[in-house]
Amino acid sequence: MGPNTCLELNKYYTATAYYSHYIPILISVILVVFTLTKSKFSFLARIFCYFIIGFCIWLIGDVITWTSPNYDLIASVWAPLDYINIIFYLFGAYFFIALVRGRDIALWQKIALFGLALPAWGIAVTNQSVTGFNLPVCEAFNSEFLTQYKLLVETAVVIFILVYALFQFWKGEKSMRKQLSIVAFALVLFFSVFGYSEYYASQYAVYWFNLYSLFVLPVFLFLIIYSITNLEIFQIRLIGSQLLAYVLIIMVGSQFFFLQNTTQKTLTVVTFVLSLGFGLLLVRSGKREETARKKVEKLAGELEEANSNLKELDRQKDELLGMVSHQLATPVTSMRWYLEMFEDGDMGTMPPEQIATIKKMQSIVQDLSDLVSMILDVSRIQLGRLKLEPRPLDIQEFVADIMSVIEPKAQERGVIFNKLIATNLPTTPLDKKYTRMAIENLLTNAVKYTPKGGEVRFTAEVRGSNLYFEVKDTGCGIPKEDQGKIFGKLFRASNVRNSIDGNGFGLYVAKGATENQNGKIWFESEEGKGTTFFVELPIVSQVAAPQEPAADGTKTSA
């Protein structure tokens, strides 16, 4: 083919060609190694590496055409460059699709995507991609169809990434928007500059323009590195400092081979040594952070496992508690029956002293029965097995029934009991047992924790579409530090724990009984001044008429 004049023509660009090609290749190799090893060869990392490797192959081929003294080698390498160009564009699109979807695409989609490269492959293998060379000016005669087809694929890839990114930006989650924006920007920036410079260089025969356009690659690589390390695209964390340190050292050190001036070389060596020192510090810092991260992750895993074990033990404890309580319920019920038989004289006539003893025993057995029932309810609430039986409940009658129990207790303890009960309380589907348990427990607590001469006030009315109950007392109140735990199982406030009997189940069951009926329960309290509990339960059966709350004037005092 005659003497090679390409090397002579390109000698002014040789140093630039080396710098613009080999430095990105070295950076890309480091990026590929980090990505694959740190991500444990995840499918997304593999796709990204295919894309980077494809571009590196193109860079190697292109730098040969700029720097090789072997004309035959230049001719053989030049021929497949357009096909390789199309391939790494398609891998870039493939990577972006997989990133957005979070999973691989179907086989038919891969065939359709990479099928776009078949025309270019056919032209390359039949030696039709380059039809000849103009040796004096070192210019190849490329296939016009392949040139236009390559431009079409490049344009299609850029438009697809833009449209797909915009669509996912508005449709996808907010947490993904930053990641999508940066990666899409980086890909579009690189592909657009690369494709335009290729087209401009071939159209106007200014090939050095394409050479200098490769200097945009560090921007693209920086964005990719940022995306990988900071946005955790491949779940890689705390390696950004190491990766950027390696890149910095390579870029600074590489300048030494292209500088001719002694002063510039000296300054470059000093800069390289300083960069190497700071880089090593960054690498060591990164390794310490990586070690610390692994320890934290290990501890977090162990903590999660321990928490899971504790939850399982808690569940088993609740099941055991429920089972034991259920087994206790039968003998307690039997004891009640036998005591009733003694009291009724079924076992023969008994003297008054024995009858009095039987009544005391009945009271004790009733307390035991209530405790067993309470424990069973706690277990059911904890395990999510509370079975409600909502039936039409006359709230007016329901409240009156509770008052008949609470008022004697208040009178016995010397507590003033006031009540404000509306006259329009409706009938609504509620579980009578658990609704009573909630309201009666609040009233019983109010009376129990209010000293002699203190006051308890009970309000029952309709507010909007809800039944509203309020229990206000002037008792000991709840310490501020205990208020966040007061509805907890087995919890009792610190100011009554050792002075007043209780089991810590009542408020837990009251909360469970209320919330399982779509109601709300809350309180306000100040230590030493009293507590007010509020309960709201939805009215389902009817819309209450405008209420006319009226106190019945009843006041019970010691």
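Check 13, 50 and return the single one that is out of contact with any Asp or Glu (no Cβ under 7 Å at 6 or more places or on another chain), at pLDDT below 75 and surrounded by 15 or more Cβ atoms within 10 Å (Cβ to Cβ). Step through it out loud before you land on a result.
Numbers: 50 fails: at pLDDT below 75.
Checking each option against the conditions leaves just 13.
Taking the criterion of being among the polar types (S, T, N, Q), in contact with a helix residue (DSSP H, G or I) (Cβ under 8 Å, 6 or more places away or on another chain), on the phi < 0 side of the Ramachandran plot and in a helix (DSSP H, G or I), would at least one residue in region 37-53 satisfy it?
Step one: of region 37-53, the residues among the polar types (S, T, N, Q) are 37, 39, 42.
Then drop every residue that is not in contact with a helix residue (DSSP H, G or I) (Cβ under 8 Å, 6 or more places away or on another chain), which leaves 39.
From what is left, the residues that are on the phi < 0 side of the Ramachandran plot are 39.
Filter once more, so that each one left must be in a helix (DSSP H, G or I): none.
Within region 37-53 (the criterion being among the polar types (S, T, N, Q), in contact with a helix residue (DSSP H, G or I) (Cβ under 8 Å, 6 or more places away or on another chain), on the phi < 0 side of the Ramachandran plot and in a helix (DSSP H, G or I)), the answer is no, since none of the residues qualifies.
Consider only pairs whose beta carbons are under 6 Å apart and that are at least six residues apart or on different chains; among these, list those whose first residue lies in region 336-352 and is surrounded by 12 or more Cβ atoms within 10 Å (Cβ to Cβ) and whose second residue is assigned to a loop (DSSP other than H, G, I, E, B).
341/347
Of the residues 511, 489, only one is at negative phi, of a type in the set (Lys, Arg), at pLDDT 75 or above and out of contact with any Gly (no Cβ under 6 Å at 6 or more places or on another chain); which?
Result: 511 is the single residue among 511, 489 that is at negative phi, of a type in the set (Lys, Arg), at pLDDT 75 or above and out of contact with any Gly (no Cβ under 6 Å at 6 or more places or on another chain).
All but one of (1) of a type in the set (Asp, Glu); (2) within 19 Å of residue 47 (Cα to Cα); (3) modelled with pLDDT under 75 hold for residue 173; state the number of the condition that does not hold.
(2)
Starting from residues that are of a type in the set (A, V, I, L, M, F, W, C) and surrounded by fewer than 20 Cβ atoms within 10 Å (Cβ to Cβ), keep the ones in region 60-78 and report whichever is farthest from residue 161 (Cα to Cα). Show your work before the answer.
Start the filter on region 60-78 by keeping residues that are of a type in the set (A, V, I, L, M, F, W, C), which leaves 60, 63-64, 66, 73-75, 77-78.
Still in the list and also surrounded by fewer than 20 Cβ atoms within 10 Å (Cβ to Cβ): 60, 64, 73, 75, 77-78.
Numbers: 60: 26, 64: 31, 73: 35, 75: 34, 77: 30, 78: 28 Å.
Among them, the one singled out is 73.
Applying the selection to region 391-448, what residues are exposed (fewer than 15 other Cβ atoms within 10 Å of the Cβ), in a strand (DSSP E or B) and in contact with a helix residue (DSSP H, G or I) (Cβ under 9 Å, 6 or more places away or on another chain)?
Scanning region 391-448 gives a single hit, 391.
The values are calculated or read from the model by the stated rules, or taken from the named source; none is laboratory data. Here the structure is a predicted model, which is why all the values come from computation and not from measurement. As a convention, Cβ positions derive from the backbone with ideal geometry for all residues, glycine included, and neighbour counts pool all protein chains shown.
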